[in-house]
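What follows is a single structure, written as structure tokens, with notes after it.
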Amino acid sequence: LMTSFTYLGCIIGTFLASFLMDISNEDFNLPLAGCLVFSIVGFLSSLFIKPTKVHVSKNTEKKWFILEAFETIRSLKKMPKLLIALFASSFFLLTAAFLQLNVIPYALQTLSLSEVKAGYLFSGAAIGIALGACASARLLKNDKGLGLSVFTSLILGALLLITAFCTQVFSASL
């Protein structure tokens, strides 16, 4: 739940940055005031958080965390559905991060959008990723269809190829 609200805060912040720049005619004073208000509210809210007890872990920290990751993956061979879920989740997060990283340069260079409109496209991509994650979580809630991961990976690949094709057609028509 905490992670979901963190992502939600990122999505709202990304949208508000573009929105405030849009309504202020790219004057930085309004977004600056908005950021200042949010930071003050966040700071004041943090003052009411009660200290938590320190938890001492019984597990020893391993020096070579990569070996620990391989051991974990090796232990997942006994649970193939969990292994599929791990790789599907990794693929989804890698693709989502790659798309979000490249959506603003794509909007600026290929689609010739302004920086503000590129920010809106970034927000749209973030909302699409969030909706996709929620939809897949709902579809896989009852442990029916981890095979859906393969199907959705194929759809995602096809959509990326279609996007590349449409970009070529759009660029050629300019």
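The values are calculated or read from the model by the stated rules, or taken from the named source; none is laboratory data. This one's a predicted model, so the numbers in the text were calculated from it and none came from an experiment. Every residue, glycine among them, receives a Cβ derived from its backbone with ideal geometry; neighbour counts consider all protein chains shown. Just so you know, the surface numbers come from the protein's heavy atoms only, side chains and all, with ligands and any DNA or RNA stripped out. Shrake-Rupley method; radii C 1.70, N 1.55, O 1.52, S 1.80 Å.
Here are some notes:
- Loop-located chymotrypsin sites (Phe, Trp or Tyr not before Pro) in the stretch 3-42, at most 12 other Cβ atoms within 10 Å (DSSP): 28
- Centre-to-centre separation between the Cα atoms of the stretch 70-119 and those of the stretch 11-57: 26 Å.
- For the stretch 1-70, the carbon plus sulfur part of the accessible surface works out to 72%, probe radius 1.4 Å.
- Residues residue 49 and residue 86, FRET efficiency given R0 of 35 Å [Cβ-Cβ distance, rounded to 0.05]: 0.60
- DSSP-assigned coil residues among trypsin sites (Lys or Arg not before Pro) in the stretch 21-128, each with at most 13 further Cβ atoms within 10 Å: 53, 58, 62, 63
- Where the stretch 39-95 is the region considered: accessible area per residue in Å², 1.4 Å probe: 100
- DSSP-assigned coil residues among chymotrypsin sites (Phe, Trp or Tyr not before Pro) in the stretch 42-129, each with at most 15 further Cβ atoms within 10 Å: 48, 64
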